Amino acid sequence: MTDSWPFADPKDVAVFTVRQIVRDGKPILRVAHEVDDGAWQFLQLGTPDQADAMIVALDEIVQIDPTVAELADLPLGWRAERSSPGDPWQREPEQNIGDDTGFWRFLRWLTRS
């Protein structure tokens, strides 16, 4: 049996998410692939609360929602979003974030050293 892992990153690479997705079963509706360091973020819509931030392995996220594997080829500096779990992912470059600065400020906070 071959392992068909779709991501270039290893299964155990650390990714950013929130408690509501990992512990409460809320859907992943927004994914970002940071241009600066290649970090992945798997979030809900809206501005997350910093107190809910979690770091987990990429494999854990794929187990929670296998459809995120469709985004394995998401380029650095891009994000993908959908309205509900059954909807197709809509991709766009990060510079088209519009008025969503709270979300991106949260991501920068998560990835700072």
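The values are calculated or read from the model by the stated rules, or taken from the named source; none is laboratory data. Note that this is a predicted model, so its numbers are computed, not measured. Cβ sites come from the backbone with ideal geometry, for glycine too, and all protein chains shown count toward neighbours. Side chains included, ligands, DNA and RNA excluded: accessible areas come from the protein's heavy atoms. Shrake-Rupley method; radii C 1.70, N 1.55, O 1.52, S 1.80 Å.
To keep it simple, each residue is scored yes or no on (1) of a type outside the set (A, V, I, L, M, F, W, C); (2) modelled with pLDDT of 95 or more.
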{"site": "ASP24", "(1), (2)": "yes, yes"}
{"site": "VAL35", "(1), (2)": "no, no"}
{"site": "ASP87", "(1), (2)": "yes, yes"}
{"site": "ARG112", "(1), (2)": "yes, no"}
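Restricting to the range 1-49, and then to whatever is touching an Asp or Glu at 6+ places or on another chain (Cβ under 6 Å) and in a strand (DSSP E or B), can you tell me which residue is farthest from SER84 (Cα to Cα)? Taking the candidates together, the pick is VAL18.
Checking each residue in the range 66-85 for being modelled with pLDDT of 95 or more, of a type in the set (A, V, I, L, M) and outside any strand (DSSP E or B) picks out VAL68, ALA69, LEU71, ALA72, LEU74. From ILE55, ILE61, which residue is open to solvent by 20 Å² or more (accessible area, probe 1.4 Å) and among the hydrophobic types (A, V, I, L, M, F, W, C)? Matching residue, one of ILE55, ILE61: ILE55.
Every condition in (1) assigned to a loop (DSSP other than H, G, I, E, B); (2) farther than 21 Å from PRO93 by Cβ is met by GLN63 except one, and the failing one is (1). Taking the range 28-43 as the range and being surrounded by fewer than 17 Cβ atoms within 10 Å (Cβ to Cβ) and at negative phi as the test, the residues that pass are VAL35, ASP36, ASP37.
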